[in-house]
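The values are calculated or read from the model by the stated rules, or taken from the named source; none is laboratory data. Just so we're clear, the structure is a prediction, and the values are computed from it rather than from any experiment. Here Cβ is always computed from backbone atoms with ideal geometry, including for glycine, and neighbour counts include all displayed protein chains.
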Amino acid sequence: MADKNLTGRRVLALVSNYGVEQDELLVPMQHLRDSGADVDLAAVSADPVQTLVGDKDPGQSVEPTMTLAEADPAAYDLLLLPGGTLNADALRQQDTAVDIVRSFTSAGSPVAAICHGPWTLVEAAVVQGKSLTSYASLATDIRNAGGDWTDRSAVRDSSGGWTLITSRTPDDLDHFLQEIDATLTGAAA
């Protein structure tokens, strides 16, 4: 999948410092970097980010590029919200993270969220009228927030002036990354 040229594209990934699903963070970051994109990782604090595998087993530890407070949404072409139940639950309680999501959507910039990642979108009140997917347990939250939840490997919705890319689980990463590539290059998926 690294055949897309994303040179010059900038991606911002938002996470808490504990509990992000390892593959939902590291696989997209590596894919995007291999394709030429610059990827920054913004965490709640400057401490290392401890990933988890399957929401329970320790994964790799990753150094953030910056804190949420240091991130400038206007400097990026796409926002990445990886999942992990603990990560997503903690992130949606961070006002700065919610504000960053709103900055991206109000500027018409794309957002890509996988698994539990859409919880921050729900908290930001930006899913109204959007078609999206997620980990199945978020379906009611998304519907209650006015989104149209569907059970598909990847959904790209460009309605409402901004593009939202969503996927269900790490099993859907190939489709998720195809949609991100298509969005960043302006191609049809």
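Can you pull out the residues in segment 132-163 that are surrounded by fewer than 17 Cβ atoms within 10 Å (Cβ to Cβ) and touching a residue at least 24 places away in the same chain (Cβ under 8 Å)? Those that are surrounded by fewer than 17 Cβ atoms within 10 Å (Cβ to Cβ) and touching a residue at least 24 places away in the same chain (Cβ under 8 Å): 136, 159, 160, 161. In summary, helices (runs of 4 or more DSSP H) completely within segment 94-163 and bearing 2 or more residues that are touching a Lys or Arg at 6+ places or on another chain (Cβ under 6 Å) occur at 118-123.
For segment 143-173, residues that are within 14 Å of residue 111 (Cβ to Cβ) and not polar (S, T, N, Q) total 10. With respect to the conditions (1) without any contact (Cβ under 8 Å) to a residue 60 or more places away in the chain; (2) closer than 14 Å to residue 83 by Cβ, residue 115 lacks only one, and its number is (1). Once segment 164-189 is narrowed to residues that are at pLDDT 95 or above and part of a loop (DSSP other than H, G, I, E, B), the residue that is surrounded by the most Cβ atoms within 10 Å (Cβ to Cβ) is 168. Restricting attention to segment 82-103, does a residue exist that is in contact with an Asp or Glu (Cβ under 8 Å, 6 or more places away or on another chain), touching a residue at least 40 places away in the same chain (Cβ under 8 Å), over 22 Å from residue 153 (Cβ atoms) and surrounded by fewer than 20 Cβ atoms within 10 Å (Cβ to Cβ)? Looking for residues that are in contact with an Asp or Glu (Cβ under 8 Å, 6 or more places away or on another chain), touching a residue at least 40 places away in the same chain (Cβ under 8 Å), over 22 Å from residue 153 (Cβ atoms) and surrounded by fewer than 20 Cβ atoms within 10 Å (Cβ to Cβ), one finds at least one in segment 82-103, hence yes.
The rows are residues; the columns are (1) touching a helix residue (DSSP H, G or I) at 6+ places or on another chain (Cβ under 8 Å); (2) surrounded by fewer than 23 Cβ atoms within 10 Å (Cβ to Cβ); (3) in contact (Cβ under 8 Å) with a residue 40 or more places away in the chain.
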| residue | (1), (2), (3) |
| --- | --- |
| 5 | yes, yes, yes |
| 15 | yes, no, yes |
| 60 | yes, yes, no |
| 78 | yes, no, yes |
